[in-house]
Amino acid sequence: MDPSETALRTIDPRLDLFEEIPRLKRELHAVILAHYYQHGEVQDLADFVGDSLALAQQAQKTTADVIVFCGVHFMAETAKILNPERLVLLPDLAAGCSLADRCPPDQFRAFLDKHPGHFVVTYVNSSAAVKAMSDVICTSSNAVQIVERIPKDTPIVFAPDQHLGRFVMQKTGRQMVLWPGSCQVHEIFSEKKLVQLKVRYPEAEVVAHPECEERVLAHADFIGSTKAMLDRVVKSAKKQFIVVTEPGILHQMGKAAPGKELIPAPPDSGCACNECPHMKLNTVEKLYLCMRDQKPALTLPEDVRRRALAPLTRMLEWS
Ligand code: 13P
Ligand code: SF4
């Protein structure tokens, strides 16, 4: 960004952003969608907080003129695929995803060429260009259901998360060819520290996201998407939970299940690396700025968007 643009992006320190953001929302006729891994104060400013599937469904049915997406790039891109005529804003365009980044479209094309005749199931954590090469999209909350819809004799490629893919294979009994991708946040939970936590809290229920490694998931009492984990914590009769996913979810869990003890599972190091560095790029200040300046906005080549829309629409119909 050049210096003049940086100057334009400064914020008047007298402004109360918690008043300004709702004001801008009314002015723009905008809707603010946020994922559970966003900072708590960003979640609190949103009209809707959800998992990837619920956010895509909200984006599909919104009547707002502007969609402000507090999540990562592929999520805002999904909203744009569904809403080519609407302005879709992402507070920080650099908010990527290791799963999407580690599945470049040219390498994915070459991978698919090695597996002709396969039905391609692609996790929503992928770029629009990769979605455009797929037969159906899935999220962590509907992956099992989506794979079960595919005729038994049809070979399947599943990408890009190998851990979710393996979990789906176990649940459905289907063999699938897996793209070897993983999430940088979910692959570093420490099995050893998780076992130590279970010894320390023997009554606690372990709830985990299917992007975790198999040896970590082996210790879970419940495995599901962020929304499914949240619902489980609310409904379970247990009072303590060890939560094995990005800790942003604790904000909604704490609100929805007051009085329950939530213990975040530790990573394989002393730092807070289980915070998703991409999700956490969005701040209240950047949320305000993107609404004030109506940028950065998502753009997509129309041919890619159109090809990505077909498998995405199929997912929404199958869900
Ligand atoms: P959910 O769809 O379960 O919210 O997961 C999104 C994600 O990015 C997990 O890392
Ligand atoms: Fe991507 Fe992992 Fe961050 Fe989810 S937590 S957005 S999968 S890097």
(Q) Pairs please, first residue from the stretch 107-130 and under 21 Å from P84 (Cβ atoms), second anywhere and surrounded by fewer than 17 Cβ atoms within 10 Å (Cβ to Cβ) and of a type outside the set (D, E), Cβ atoms under 6 Å, 6+ apart in sequence or on different chains. (A) A129/P105; V130/P105
Q) Could you list, in sequence order, the residues of the stretch 214-225 that are of a type outside the set (A, V, I, L, M, F, W, C), buried (at least 17 other Cβ atoms within 10 Å of the Cβ) and touching a strand residue (DSSP E or B) at 6+ places or on another chain (Cβ under 8 Å)? A) H219, G224
Q. Would you call A95 touching a residue at least 24 places away in the same chain (Cβ under 8 Å) and within 16 Å of ligand 2 (Cβ to nearest atom)?
A. yes
Q: Please indicate, with yes or no, whether at least one residue in the stretch 265-276 is more than 24 Å from L99 (Cα to Cα), among the aliphatic types (A, V, I, L, M), away from ligand 2 (no atom under 13 Å from the Cβ) and surrounded by 16 or more Cβ atoms within 10 Å (Cβ to Cβ).
A: no
Q.
Restricting to the stretch 180-217, give me the number of residues that are more than 16 Å from ligand 1 (Cβ to nearest atom) and closer than 27 Å to I150 by Cα.
A. 2
Q) For the stretch 37-71, which residues satisfy the criterion of being surrounded by fewer than 24 Cβ atoms within 10 Å (Cβ to Cβ), β-branched (V, I, T) and outside any strand (DSSP E or B)? A) T62, T63
Q: Tell me which of these L230 doesn't satisfy, since it passes every other one: (1) in a helix (DSSP H, G or I); (2) without any contact (Cβ under 8 Å) to a residue 24 or more places away in the chain; (3) hydrophobic (A, V, I, L, M, F, W, C); (4) within 16 Å of ligand 2 (Cβ to nearest atom).
A: (2)
Q. What about T245, is it surrounded by fewer than 16 Cβ atoms within 10 Å (Cβ to Cβ), more than 18 Å from I32 (Cβ to Cβ) and modelled with pLDDT of 95 or more?
A. no
(Q) For the stretch 242-252, which positions are touching a residue at least 24 places away in the same chain (Cβ under 8 Å), of a type in the set (A, V, I, L, M, F, W, C) and within 16 Å of ligand 1 (Cβ to nearest atom)? (A) V243, V244, I249
Q) Looking at this structure, is V195 in a strand (DSSP E or B), free of Cβ contacts under 8 Å to residues at least 60 places away in the same chain and either within 16 Å of ligand 2 (Cβ to nearest atom) or closer than 27 Å to K260 by Cβ (or both)? A) no
**Q.** Filter pass, A30 being modelled with pLDDT of 95 or more, of a type outside the set (K, R) and farther than 17 Å from V284 by Cα
**A.** no
Q: Using the structure shown, decide if I223 is within 16 Å of ligand 2 (Cβ to nearest atom) and within 25 Å of S134 (Cβ to Cβ).
A: yes
Q: Restricting attention to the stretch 167-192, report how many residues are in contact (Cβ under 8 Å) with a residue 40 or more places away in the chain and over 25 Å from G248 (Cα atoms).
A: 3
(Q) For the stretch 190-202, check the following and say yes or no: at least one residue is buried (at least 18 other Cβ atoms within 10 Å of the Cβ) and in contact with an Asp or Glu (Cβ under 9 Å, 6 or more places away or on another chain). (A) no
Q) With respect to A257, is the statement that it is surrounded by 15 or more Cβ atoms within 10 Å (Cβ to Cβ), more than 14 Å from ligand 1 (Cβ to nearest atom) and among the small types (G, A, S) true? A) yes
**Q.** Odd one out for F74, checked against (1) more than 13 Å from ligand 1 (Cβ to nearest atom); (2) surrounded by 23 or more Cβ atoms within 10 Å (Cβ to Cβ)
**A.** (1)
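The values are calculated or read from the model by the stated rules, or taken from the named source; none is laboratory data. Just so it is clear, the model here is predicted, and its values are computed rather than measured. Methodologically, a virtual Cβ is constructed for each residue, glycine included, from the backbone with ideal geometry; neighbour enumeration extends over all protein chains shown.
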